[in-house]
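Contents: one structure, followed by commentary.
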Amino acid sequence: MNKYKFKKIKPKSFKGNRLKKIAYAFRGYFPHNYIESDRIIIRHPRRRDWRSWVNLRKESYKFLYKWEPFWEIEHCNRSNYMKQLRSQRSKAAYDQAYSFLCFNKNSKELVGGINISNVQRSVIQTCNIGYWLGESHIKKGYMEESMRSIIPYIFKNLKINRIQALTLENNFSSRKLLEKIGFKNEGVLRKAMKINNIWEDHILYALLNNDNS
């Protein structure tokens with residue numbers, strides 16, 4: 001069995017008040033370290049990743065569009081990547097959401113991404129998690145390895161107690177992945193999300209911090 005662990009590589013941490021955090025965020029300084037498993041390195045997006053991201057998303061459009069909120073392939077470009085990156089950094093500074101890209105450790109090739117969103121604190125301490133893979137990288141175990149690697153990080157470093165994942169009922173690959181790594185099926189949320197411009201029912205899966213203890 002593979003063991004998944006954190007590996008600190010040039011950690012950068014926020015210091016000071018929230019305004020300083022926001023300023024650091026827009027400059028590209030993130031408060032978290034790299035995450036490394038046997039075959040994958042997970043880290044926050046950078047400006048120089050735009051070409052790999054655009055190419056992989058465009059190549060995988062026909063595979064991805066049926067599982068994701070609507071997006072036009074014509075808008076998948078450098079300009080929109082940079083706008084998205086600025087938004088991601090701002091949300092990270094406010095502890096609202098965190099975005100990650102997943103790379104093949106040997107080839108340094110981008111294989112997909114993981115997004116942590118809707119972070120809620122106080123007595124809730126929960127977040128949502130979403131993920132995607134480029135079509136050429138499916139069925140190789142990359143996302144299972146990435147998810148197993150990032151989940152302990154979410155619990156330990158982000159201090160989250162409950163991770164939620166929403167998936168379409170007919171997305172059997174996603175459901176199989178979630179169940180394999182320990183997420184529990186908690187029922188159907190009616191018309192929970194707009195996928196490809198259509199309101200769709202979603203199955204709610206959740207994993208608690210002590211589920212695997």
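Could you tell me how many of the residues in segment 170-196 are β-branched (Val, Ile, Thr) and modelled with pLDDT of 95 or more? Show your work before the answer.
Going residue by residue through segment 170-196, those that are β-branched (Val, Ile, Thr) are 181, 188, 195.
Next cut, modelled with pLDDT of 95 or more only: 181, 188.
Summing the residues that are β-branched (Val, Ile, Thr) and modelled with pLDDT of 95 or more in segment 170-196 gives 2.
Would it be correct to say that ILE154 is surrounded by 15 or more Cβ atoms within 10 Å (Cβ to Cβ) and in a strand (DSSP E or B)?
The answer is no for ILE154.
Does ASN115 satisfy the criteria of being out of contact with any Gly (no Cβ under 8 Å at 6 or more places or on another chain), of a type outside the set (A, V, I, L, M, F, W, C) and either closer than 25 Å to ILE40 by Cβ or touching a residue at least 12 places away in the same chain (Cβ under 8 Å) (or both)? If you could, list the steps in order and put the result at the bottom.
Working: out of contact with any Gly (no Cβ under 8 Å at 6 or more places or on another chain): no; of a type outside the set (A, V, I, L, M, F, W, C): yes; either closer than 25 Å to ILE40 by Cβ or touching a residue at least 12 places away in the same chain (Cβ under 8 Å) (or both): yes.
Answer is no for this residue.
What's the number of the only condition in (1) loosely packed, with under 14 Cβ neighbours inside 10 Å; (2) of a type in the set (D, E, K, R); (3) at negative phi; (4) touching a residue at least 24 places away in the same chain (Cβ under 8 Å) that ARG175 fails to meet?
Of the numbered conditions (1) loosely packed, with under 14 Cβ neighbours inside 10 Å; (2) of a type in the set (D, E, K, R); (3) at negative phi; (4) touching a residue at least 24 places away in the same chain (Cβ under 8 Å), the odd one out for ARG175 is (1).
Could you check segment 32-76 and list, in sequence order, the residues that are surrounded by fewer than 19 Cβ atoms within 10 Å (Cβ to Cβ) and among the β-branched types (Val, Ile, Thr)?
Correct list: VAL54, ILE73.
Can LYS159 be described as surrounded by fewer than 17 Cβ atoms within 10 Å (Cβ to Cβ), more than 12 Å from the chain's Cα centre (by Cα) and part of a helix (DSSP H, G or I)? Spell out the reasoning first.
Values: surrounded by fewer than 17 Cβ atoms within 10 Å (Cβ to Cβ): yes; more than 12 Å from the chain's Cα centre (by Cα): yes; part of a helix (DSSP H, G or I): no.
In short, no.
Among the strands (runs of 3 or more DSSP E) confined wholly to segment 89-134, which include 2 or more residues that are of a type in the set (Val, Ile, Thr)?
Details: elements: 98-104, 110-120, 126-133.
Answer list for segment 89-134: 110-120, 126-133.
Those residues that are hydrophobic (A, V, I, L, M, F, W, C), closer than 19 Å to GLN125 by Cα and not in a loop (DSSP other than H, G, I, E, B), I need them from segment 183-213; list them, please.
LEU204, ALA206, LEU207, LEU208
Within segment 47-70, does at least one residue satisfy the condition of being part of a loop (DSSP other than H, G, I, E, B) and without any contact (Cβ under 8 Å) to a residue 40 or more places away in the chain? Don't jump to the end; show me each part of the working.
Applying the first criterion (part of a loop (DSSP other than H, G, I, E, B)) to segment 47-70 yields 60, 68-70.
Okay, now just the ones that are also without any contact (Cβ under 8 Å) to a residue 40 or more places away in the chain, so none.
The answer is no, given that none of the residues of segment 47-70 is part of a loop (DSSP other than H, G, I, E, B) and without any contact (Cβ under 8 Å) to a residue 40 or more places away in the chain.
Given the criteria within 18 Å of the chain's Cα centre (by Cα), in a helix (DSSP H, G or I), aromatic (Phe, Trp, Tyr) and modelled with pLDDT of 95 or more, does TYR81 qualify?
Working: within 18 Å of the chain's Cα centre (by Cα): yes; in a helix (DSSP H, G or I): yes; aromatic (Phe, Trp, Tyr): yes; modelled with pLDDT of 95 or more: yes.
Criteria met by TYR81.
The values are calculated or read from the model by the stated rules, or taken from the named source; none is laboratory data. Keep in mind the model is a prediction, meaning the values are calculated, not measured. So basically every Cβ, Gly included, is an ideal-geometry build from the backbone, and we count neighbours across all protein chains shown.
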